[in-house]
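Read through the structure below, which is laid out as structure tokens, and then see the notes.
Where a number appears in this text, it was derived from the coordinates with a stated rule and is not lab data. In this text the structure is predicted, and so the values were computed from the model without any measurement. Don't worry about glycine lacking a Cβ; one is built from the backbone with ideal geometry, like all the others, and counts go over all protein chains shown.
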Amino acid sequence: MSGDFRYNTGATAVPWPAVGEAYDAHDAAEVVRFLMKPGDDADAYRQAMADVESALGRLAGVSTSVTKLTTGAEVQKLEAAVAEYLGSEHALFCTSWTSACEIACHFAGIGPGDEVIVPAITFFATATNPLSVGAKLVIADVDPRTLNMDPADVARKITPRTRAIMPVHLGGWPVDMDPIMTLAREHDITVIEDAAHAFGASYKGKMAGTIGHFGAYSFHEVKNVTSFGEGGILVSDEACGEEFAKARFIGFDASHQIDKWLYDVVALKGKRGYFPGRMCPATEIQALGLRLQFERMGGIIERRRQAAAYLTGRFEGVKGIVPQLLDSDTIKSSYHLYLLQLDPDVVGADIQQFKAELTSRGVTEIAHFAPLYKFSALRQLGYDADAMQEACPVAEEAFQRRFTHLPLYGLTREQIEYMADAVIASVEALSAKGAACVR
């Protein structure tokens, strides 16, 4: 059972279908119009859309409406395909990465007074679930080369109150998970992998997101593959994975009926007691959309890998540029982002000056991974952000002086080549300015 309540859709005198208001041919045409925007030839587009609308009208006359829009057969097919691909026992499709991670936090028994270690550099969503259940964030510094969580700093920051570690595979490059898992075993700590960027990445033969006790993936619109703009998947080999569907749908339990009713609602058993189920089911159309993109994901990642390899090949040997690492026998990235660093002492300028130089050459650059302690939310919640900054010198220096990222998708070969030219030209211009200042 997927965790949804099925209304009567059979042949009865007064049926009660699951779908309250069906979509018609006009609605379907508008969805096509939304997904496929006009190109350069507006007249050809209008004619093609008229043909589509006419065909959909004919199709409506020989078809029936869909009878299930949420957590049905499409969701189940997607979950089975993802579980097989990842080699995971349990996969749960839900509304977002955040809802998937929230379920993991509850199964891990995270609550008030607990500490959760997260990396300094990540999207703020990583912090929201521990904060929302009253846990205390502990910020770990990052590795200077990968900008992922530094296992050595994690070890320094474990206390008797540490309940979970949340490594983030930044940009799709896997965290060094072996020492993280060793620490988890030694201290009975749950590991929840933030694999939002890393669907398709692998570490030493295991898929990123399946190494810890739980892994959560994002299918937001900017990710390598998407489920029509939003969506998340939670995976685990833990026994509690059998209860994932109930956790997604208010604890719905069709295997047991309360007196004079059709089903039961149960609490879910986490590591430290029971918690109520959430309400975060995903739709059938989201599942279909993700499954279609998932089926061509190998090609998607390969194109990104080729773009990254080209950029790294161009940047290697250019003084002052520290290029993105590429795949090895043991580490394979999903290449969600191209992680670029500069050596400011060699260039004679920092990353902020570089970004301005790059922008002047028409290259869009979006650097939004500020350290968590920079955001007002933590100060408003009573954290000593200054102390956090002092405890994360690598993250601070990377943000201020070294680190940015570049896009790897939706670009023609000419655009990728132009971007490489612009990066090199920007570095060389800054280096020349620095040398002139020294003279």
Report, in listed order, any pair from LYS136/LYS271; LYS136/LYS374; LYS355/LYS433; LYS223/LYS271 with a Cα-Cα distance greater than 24 Å. LYS223/LYS271
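For a test of the definition: using alpha carbon positions, the gyration tensor, and the 1.5 limit on a/c, classify the range 203-246 as rounded, prolate or oblate.
oblate
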Cα-projected label distance for HIS256 with SER65, points at 7 Å along beta-carbon direction, nm: 3.7 nm
Separation in nanometres of the label points that stand 7 Å from Cα toward Cβ, at LEU381 and LYS77: 4.0 nm
Under the 7 Å Cα-to-Cβ spin-label approximation, ASP178 and LYS433 lie apart by a distance in nanometres of 4.4 nm
In terms of the Cα gyration tensor, with a ≥ b ≥ c the square roots of its eigenvalues, is the range 223-292 rounded because a/c is under 1.5, prolate because a/b exceeds b/c, or oblate? oblate
Cα-Cα pairs above 21 Å in the range 292-439: how many percent? 52 percent
Of VAL116, VAL66, VAL82, the one that fluctuates the most in a GNM where the chain has Cα springs shorter than 10 Å: VAL66
Distance from the range 9-42 to the range 280-338 (C-alpha centre basis), Å: 34 Å
Place a point 7 Å from Cα of LEU35 in the direction of its Cβ. Which residues in the range 267-286 have their backbone N less than 19 Å from it? 282-286
Mind checking Rg over Rh on the range 73-294, alpha carbons, Kirkwood formula for Rh? 0.97
Förster-model FRET efficiency, 41 Å R0, GLU397 and LYS271, C-beta, rounded to 0.05: 0.65
Please list, by residue number, every one of the GluC sites (Glu not before Pro) in the range 296-357 that is coil in DSSP and has at most 11 other beta-carbon atoms within 10 Å. GLU316
Computed helical MRE - 222 nm, the chain, DSSP H runs ≥ 4 contributing -39500 (n - 2.57), nearest 500: -12000 deg cm²/dmol
Rounded if a/c is under 1.5, else prolate if a/b is larger than b/c, else oblate: which is the range 259-362, with a ≥ b ≥ c the root eigenvalues of its Cα gyration tensor? prolate
Sites ALA356 and HIS187 - FRET efficiency at Förster radius 35 Å, r taken between beta-carbons, to 0.05: 0.20
What does the charge count near ALA100 come to, summing +1 for each Lys or Arg and -1 for each Asp or Glu among other residues with Cβ under 15 Å from its Cβ? -3
